[in-house]
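The values are calculated or read from the model by the stated rules, or taken from the named source; none is laboratory data. Quantities reported herein were computed from a predicted structural model and do not represent experimental measurements. Cβ atoms come from the backbone with ideal geometry, glycine included; neighbour counts cover every protein chain shown. The protein model used for the area step is the full one, side chains on, heavy atoms only, and it has no ligands, DNA or RNA in it. Shrake-Rupley method; radii C 1.70, N 1.55, O 1.52, S 1.80 Å.
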Amino acid sequence: MKVLVVGGGGREHAIIMKLAESKRVDKLYCTPGNGGISRYAECFDVKATDIEGVVALAKKLSVDMVVVAPDDPLVLGMVDALNAEGFMTFGPNKDAAIIEGSKVFSKELMKKYNIPTAKYETFSDSASAIAYLKEQNSYPAVIKADGLALGKGVIIAQNEEEAVEAVKSMIDGKQFGESSSTVVIEEFLTGPEISVLSFTDGNVVVPMVSSMDHKRALDGDKGLNTGGMGTIAPNPFYTEAVAKECMENIFLPTIKAMNAEGRRFKGCLYFGLMATPKGVKVIEYNCRFGDPETQVVLPLLDSDLYDIFEAVYNEKLADIDIKWKNECCSCVVMASGGYPQSYPKGLEMSGMDDKGQVDGVFVYHAGTKYENGRFYTNGGRVIGVTATGETLQKALDKSYAAVDKISFENAHYRKDIGARALAAIN
């Protein structure tokens with residue numbers, strides 16, 4: 001089989017490496033890809049959001065399957081366009097991808113179908129949003145852009161001044177373009193965060209191994225929100241009891257709610273959860289594999305990913321048995337100094353070896369380019385240094401040992417990935 005993966009980050013690298021293990025896949029393509037991906041898949045210079053370009057490329061390559069990985073093309077309707085041309089495609093169609101494409105839609109869906117989430121209100125003018133903040137007078141407060149914002153459209157305001165500034169910069173200043181012309185203001189929830197990616201064909205939902213993302217830029221969960229500075233799996237807070245609660249109160253009700261709305265979801269549905277003192281609540285939905293969660297979840301998959309993608313497309317997910325390795329996995333993201341704000345590109349990297357020069361490590365590329373036998377930085381999050389081990393501590397030790405061998409100017413990474421999980425285990 002020939003498979004085209006759309007996207008160019010660490011998530012796509014992880015998907016490609018797992019598809020490369022399939023006995024059924026003999027040719028991998030990626031667009032636009034990156035330096036690391038180019039070692040395993042033939043890459044093309046078509047943007048992930050170029051629907052016509054991707055459809056034309058799929059035709060030219062006469063592929064058997066297209067995997068649309070990032071949120072933007074899913075929300076724009078790339079899957080619909082590929083399906084219309086007869087391509088077997090993994091990912092939700094436009095109607096279903098709105099579960100991530102609009103925070104307002106997802107919050108109203110949860111309210112309508114009694115799926116547990118934080119209390120909220122939505123606003124499209126800053127004056128009424130600020131009046132609501134003053135009336136509630138409850139901090140921290142969570143302010144979210146309605147649309148997509150590269151994982152950075154959430155501001156946790158610690159006081160009224162920060163909240164007012166966030167509202168004005170989003171609604172009036174169009175901080176995230178049209179994505180922030182409407183905002184959702186939510187109550188602040190407390191408790192451990194849990195990420196659960198799931199395969200679903202709209203009939204059944206099969207959760208993957210749970211994970212824990214580290215969103216803040218600095219150690220101790222301080223600094224700005226990022227797209228994710230590292231992750232571990234499995235998440236120790238996702239106990240059997242919590243898993244049962246999630247399946248009954250969140251996972252199945254969400255699939256049923258989407259079906260009831262005429263928006264059958266087929267693909268990877270990501271549940272961003274918080275285990276609060278009052279039960280597990282949904283923080284957010286994503287309509288695709290999480291990044292960097294995919295980099296710790298897929299290495300633990302012990303089944304053929306192509307078979308799973310095909311079963312989802314054909315709505316036969318109940319017919320296959322998905323197996324997982326009884327191991328732990330850790331991913332430490334090495335980013336460019338200045339991320340998530342401004343940062344340079346084109347810095348030469350040294351110590352770059354796929355296997356991370358440490359046994360049991362693999363380096364997933366997020367923002368790199370490969371020229372004349374050398375790797376250069378080409379993004380904010382540059383690589384995800386990932387390791388498996390029989391315990392979380394062993395996996396983390398390997399990841400950090402490999403991080404020590406890789407360098408580029410002003411490389412920035414957190415030194416406490418997995419610390420909260422280790423404290424929970426011990």
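Scanning region 157-181 for residues that are among the acidic types (D, E) and closer than 14 Å to L133 by Cβ yields E160, E161, E162, E165.
Going through (1) within 24 Å of K222 (Cβ to Cβ); (2) β-branched (V, I, T); (3) crowded, with 22+ Cβ neighbours inside 10 Å one by one, V361 falls short only on (1).
Of the residues T49, T31, the single one that is under 19 Å from the mean Cα position of the chain (by Cα), part of a strand (DSSP E or B) and either modelled with pLDDT of 95 or more or surrounded by fewer than 17 Cβ atoms within 10 Å (Cβ to Cβ) (or both) is T31. You will find that of V206, V167, V183, the residue that is more than 28 Å from L269 (Cβ to Cβ) and touching a Ser or Thr at 6+ places or on another chain (Cβ under 8 Å) is V167 and no other.
Elements of the type strands (runs of 3 or more DSSP E) sitting completely within region 224-312 and holding at least 3 residues that are in contact with a Phe, Trp or Tyr (Cβ under 9 Å, 6 or more places away or on another chain): these cover 267-276, 279-286.
Against the definition (under 19 Å from D213 (Cβ atoms) and aromatic (F, W, Y)), how does Y370 come out, yes or no? No. Is one or more of the residues making up region 242-251 in contact with a strand residue (DSSP E or B) (Cβ under 8 Å, 6 or more places away or on another chain), aliphatic (A, V, I, L, M) and more than 25 Å from V154 (Cβ to Cβ)? Yes, there is a match, as at least one residue in region 242-251 is in contact with a strand residue (DSSP E or B) (Cβ under 8 Å, 6 or more places away or on another chain), aliphatic (A, V, I, L, M) and more than 25 Å from V154 (Cβ to Cβ). Here is the figure for region 72-99: residues that are part of a helix (DSSP H, G or I) and surrounded by fewer than 23 Cβ atoms within 10 Å (Cβ to Cβ) total 10.
Rundown of residues vs (1) more than 30 Å from G380 (Cα to Cα); (2) of a type in the set (A, V, I, L, M, F, W, C), yes/no style:
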site	(1), (2)
S106	no, no
K111	yes, no
G147	no, no
I171	no, yes
K174	no, no
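Is it the case that region 409-418 has a residue that's farther than 21 Å from P299 by Cα, touching a Leu at 6+ places or on another chain (Cβ under 9 Å) and of a type in the set (A, V, I, L, M)? Yes: region 409-418 contains one or more residues that are farther than 21 Å from P299 by Cα, touching a Leu at 6+ places or on another chain (Cβ under 9 Å) and of a type in the set (A, V, I, L, M).
Residues are listed down the side, and each one gets a yes or a no for (1) within 17 Å of the chain's Cα centre (by Cα); (2) not in a strand (DSSP E or B):
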| residue | (1), (2) |
| --- | --- |
| M170 | no, yes |
| V184 | no, no |
| V196 | yes, no |
| N203 | no, yes |
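Take the residues in region 366-381 that are over 30 Å from I425 (Cβ atoms) and in a strand (DSSP E or B); name whichever of them is most open to solvent (accessible area, probe 1.4 Å). Checked region 366-381; the qualifying residue most open to solvent (accessible area, probe 1.4 Å) is R374.
Just for region 109-136: of the residues that are open to solvent by 30 Å² or more (accessible area, probe 1.4 Å) and assigned to a loop (DSSP other than H, G, I, E, B), which one is farthest from E160 (Cα to Cα)? Per the criteria, the residue is Y113.
One line per residue, one yes/no per condition, for (1) touching a Pro at 6+ places or on another chain (Cβ under 8 Å); (2) basic (K, R); (3) within 24 Å of R381 (Cβ to Cβ):
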{"residue": "C287", "(1), (2), (3)": "yes, no, yes"}
{"residue": "G290", "(1), (2), (3)": "no, no, yes"}
{"residue": "V296", "(1), (2), (3)": "no, no, yes"}
{"residue": "L301", "(1), (2), (3)": "no, no, yes"}
{"residue": "L317", "(1), (2), (3)": "no, no, no"}
{"residue": "D321", "(1), (2), (3)": "no, no, no"}
{"residue": "C329", "(1), (2), (3)": "yes, no, yes"}
{"residue": "V332", "(1), (2), (3)": "no, no, yes"}
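Collect the residues in region 382-420 that are of a type in the set (S, T, N, Q) and open to solvent by less than 40 Å² (accessible area, probe 1.4 Å), keeping them in residue-number order. Hits for region 382-420 are T386, T388, S399. Only residues that are within 20 Å of the chain's Cα centre (by Cα), open to solvent by 60 Å² or more (accessible area, probe 1.4 Å) and farther than 20 Å from A421 by Cβ were counted across region 219-264, and they come to 1. With respect to the conditions (1) at pLDDT 90 or above; (2) closer than 18 Å to T122 by Cα, A149 lacks only one, and its number is (1). Is one or more of the residues making up region 15-23 in contact (Cβ under 8 Å) with a residue 12 or more places away in the chain, under 25 Å from V333 (Cα atoms) and in a strand (DSSP E or B)? No; the residues of region 15-23 include none that is in contact (Cβ under 8 Å) with a residue 12 or more places away in the chain, under 25 Å from V333 (Cα atoms) and in a strand (DSSP E or B).
Selection of region 309-345 for residues being surrounded by fewer than 21 Cβ atoms within 10 Å (Cβ to Cβ), of a type in the set (V, I, T) and under 30 Å from Q393 (Cα atoms) yields only I322. Exactly one residue among E160, E187, E165, E178 is acidic (D, E), surrounded by fewer than 19 Cβ atoms within 10 Å (Cβ to Cβ) and in contact with a helix residue (DSSP H, G or I) (Cβ under 7 Å, 6 or more places away or on another chain), and that residue is E160. Checked against (1) of a type in the set (V, I, T); (2) more than 20 Å from I99 (Cβ to Cβ); (3) touching a Lys or Arg at 6+ places or on another chain (Cβ under 8 Å), V154 meets all criteria but (2).
Every listed requirement among (1) assigned to a strand (DSSP E or B); (2) open to solvent by less than 60 Å² (accessible area, probe 1.4 Å) is met by S106 save one, (1). Each residue in region 330-361 was checked for being in contact with a helix residue (DSSP H, G or I) (Cβ under 7 Å, 6 or more places away or on another chain) and part of a strand (DSSP E or B), and 5 of them qualify. Identify the residue in region 6-25 that is among the basic types (K, R) and more than 15 Å from the chain's Cα centre (by Cα) and, among all such residues, is most open to solvent (accessible area, probe 1.4 Å). Ranking the candidates gives K23 first.
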